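Any read-out appearing in this document is the output of simple, stated calculations on the displayed coordinates, not a laboratory observation. On a predicted model such as this, the values are computed, not experimentally measured, just so you know. FYI the Cβ positions are ideal-geometry reconstructions off the backbone, even for glycines, and counts take in every protein chain you see.
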Amino acid sequence: MPYETILVEKREAVTLVTLNRPQALNALNSTVLKELIEAFAAYDADGSQHCLVLTGSEKAFAAGADIKEMQVQGFPDMYSANFFAGWEQVTRTRKPWIAAVAGFALGGGCEVAMMADFIIAADTAKFGQPEIKLGVTPGMGGSQRLTHAIGKAKAMEMCLTGRMMNAEDAERAGLVARVVPAAYLLEEALKAAETIASMAPLAAIATKEMINASFEMGLAQGINFERRLFHGLFGTEDQKEGMAAFVEKRPGNWTGR
Ligand code: CO8
């Protein structure tokens, strides 16, 4: 069934998801959330797909949660519906995904980008958590993920003043992996996704799992977790194939087993 607010395209082993509410600068409403949950779950379940790129438009990755949708809600509505808790499902995607950000990534838009495994930014990208100007705070993980990514001082300044950070500063601060000229954003993000998709799929999932564990675990526990996953990969066909391919000086031919 076609989606109303996103476009989904499979490009060989890479799924490209484009936010498509240009009239609202891709503001994230309940329909976007429902459709993204569906698209990400379909990607995770599809054995032919090994990386996903989420992007927006030239002007906006996403200008935040939909203010017009939220404006009329009261505490009982938000609390009983556990409003926007569904985003947690997107963060539980097991396979890798990249956010390709051009233009505004504000509020919930910045928070969704930070849910990605990494961000590639166009030189036009602007990141911000301006919720304080609306009388609220980040609500989709920004206070946590932004602080983990760029540290307390910069996160506090952004969240308390609503000041935007440009792409160059975001790269310097460690918020984005790389900045590319806007005209090449999609090409570069898809190239990175194709590279990831060409790796042994189980090793990619394990890599993601162990790096994410570093946010939850202490160092010794995290290193132990890494070692266990590393050991576990020696039970896969792809470990045998990958190491044989190196010795035989040929590319690996992965089965995902
Ligand atoms: N929600 C709804 N509509 C939006 C949003 C938004 N976040 N952002 C832009 N729009 C709409 C505008 O209302 C406008 O619509 P219309 O033409 O009907 O008036 C259209 O998009 C174009 O926007 P502008 O005319 O404002 O475009 P400009 O180029 O002048 O300005 C900006 C671009 C600077 C991005 C400006 O639109 C802006 O400041 N937008 C709001 C940014 C913002 O405050 N974002 C944070 C929202 S709150 C949030 O994200 C909370 C997340 C946590 C929720 C967790 C729940 C549990």
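Helix-only mean residue ellipticity at 222 nm, the chain, DSSP H runs n ≥ 4 weighted -39,500 (n - 2.57), per residue, nearest 500. What is it? Don't skip to the end; give the middle numbers.
Working: 12 runs with 117 residues, N = 257.
The helix-only estimate for the chain comes to -13000 deg cm²/dmol at 222 nm.
Determine which lysines satisfy two conditions relative to Lys208: a Cα distance under 22 Å, and not lying fewer than 8 residues away in the same chain.
Within the straight-line limit of under 22 Å, Lys208 reaches these lysines: Lys10, Lys95, Lys191, Lys240.
How big is the range 94-246 by the Kirkwood estimate over distinct Cα pairs, in Å?
Numbers: mean 1/r = 0.0589 Å⁻¹.
By the Kirkwood definition, the hydrodynamic radius is 17.0 Å.
Binning at 5 angstrom from zero up to the longest distance, how are the C-alpha pair distances of the chain distributed in percent?
Over the chain, the share of Cα pairs per 5 Å bin runs 1, 6, 12, 16, 18, 17, 12, 9, 5, 2, 1, 0, 0 percent.
Build a GNM of the chain with springs between Cα atoms under 10 Å: which of Ala99, Ala193, Ala245 gets the top mean-square fluctuation?
Among Ala99, Ala193, Ala245, the largest GNM mean-square fluctuation belongs to Ala245.
Between Ala42 and Ser80, with labels modelled 7 Å along Cα→Cβ, what's the label distance in nm to one decimal, could you check?
Each label point is offset 7 Å from its Cα along the Cβ direction, giving 3.3 nm.
So what is log10(I(q)/I(0)) for the range 1-113 at q = 0.09 1/Å, when the Debye sum runs over its Cα atoms only?
Cα-only, vacuum Debye calculation for the range 1-113: -0.23.
Need the full-extension length gain, Arg94 to Gln144, defined as separation in residues times 0.36 nm minus the C-alpha distance. One decimal, nm. Write out the running numbers ahead of the final one.
Values: separation 50, 0.36 × 50 = 18.00 nm, distance 2.04 nm.
Fully extending the segment from Arg94 to Gln144 adds 16.0 nm.
Could you work out how far apart the two model spin labels at Asp169 and Ala183 are, taking each label as a point 7 Å from the Cα in the direction of the beta carbon, and quote it in nm?
2.7
Counting every Cα pair in the range 70-138, what percent are over 21 Å apart?
Numbers: 863 of 2346 pairs.
Roughly 37 percent, rounded to a whole number.
Hey, what did the range 164-257 get for relative contact order, percent, Cα under 8 Å, at least 6 apart? Walk me through the intermediate numbers first.
On the way: 48 pairs, mean separation 20.5, N = 94.
Result for the range 164-257 is 22 percent.
Please list the non-local residues whose amide H lies under 5 Å from the amide H of Ala13, H modeled 1.01 Å from N, same-chain partners needing a gap of 5 or more.
Here nothing satisfies the definition.
Could you run the Karplus curve 6.51 cos²θ - 1.76 cosθ + 1.60 with θ = phi - 60° over the range 17-26 and give me ³J(HN,Hα) per residue in whole Hz, x for Gly and Pro?
Those phi angles translate into 10, 10, 5, 9, 10, x, 5, 10, 6, 6 Hz.
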